[in-house]
1. Could you check how many residues of the range 25-34 are surrounded by fewer than 17 Cβ atoms within 10 Å (Cβ to Cβ) and either in contact with a strand residue (DSSP E or B) (Cβ under 8 Å, 6 or more places away or on another chain) or modelled with pLDDT under 75 (or both)?
2. Any idea which of 40, 73 is closer than 19 Å to residue 116 by Cα, touching a strand residue (DSSP E or B) at 6+ places or on another chain (Cβ under 6 Å) and surrounded by 12 or more Cβ atoms within 10 Å (Cβ to Cβ)?
3. Name every residue in the range 37-56 that is in a strand (DSSP E or B) and at pLDDT 95 or above, in order of residue number.
4. Where the second residue is in a strand (DSSP E or B) and buried (at least 18 other Cβ atoms within 10 Å of the Cβ) and the first is on the phi > 0 side of the Ramachandran plot and modelled with pLDDT of 85 or more and lies in the range 90-105, which pairs have Cβ atoms under 6 Å and are six or more apart or on separate chains?
5. Suppose we filter 112, 68, 121 for residues that are part of a loop (DSSP other than H, G, I, E, B) and at pLDDT below 90; which single one remains?
């Protein structure tokens, strides 16, 4: 599967293809579905049918991070903090909520696996000179 890379000016390179995800907020038994995109070493955006609370904690965010080599795809289960949340209207009159997430992790945990795949697919180090789209 080809990996799409964002050409925006950002601190880290990003995997831009949307991926299905499941998540659960802290103190909630309900597992919800969403679409995660713009995945970087630091965080991601998630599109959901319901708003996520700013400063809320996503205790379980689960998604499959693809790789050029499908045998190296990684099942990711990670925690994240919600830093932004805004309503978006689409052409078909539907609405979704786009929230910005910052990953939380511990050494040797799922975030380290995410970083390894991103480094392998996109190169390591911060991005400081990509052109604007």
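1. Selection size over the range 25-34: 5.
2. Of 40, 73, the one residue that is closer than 19 Å to residue 116 by Cα, touching a strand residue (DSSP E or B) at 6+ places or on another chain (Cβ under 6 Å) and surrounded by 12 or more Cβ atoms within 10 Å (Cβ to Cβ) is 73.
3. 45, 46, 47, 48, listed by residue number.
4. none
5. Going through 112, 68, 121 in turn, just one is part of a loop (DSSP other than H, G, I, E, B) and at pLDDT below 90: 68.
The values are calculated or read from the model by the stated rules, or taken from the named source; none is laboratory data. Treat the numbers as computed from the prediction; the structure is a model and nothing was measured. Positions of Cβ are generated from backbone atoms using ideal geometry, with glycine treated the same way; all protein chains shown enter the neighbour counts.
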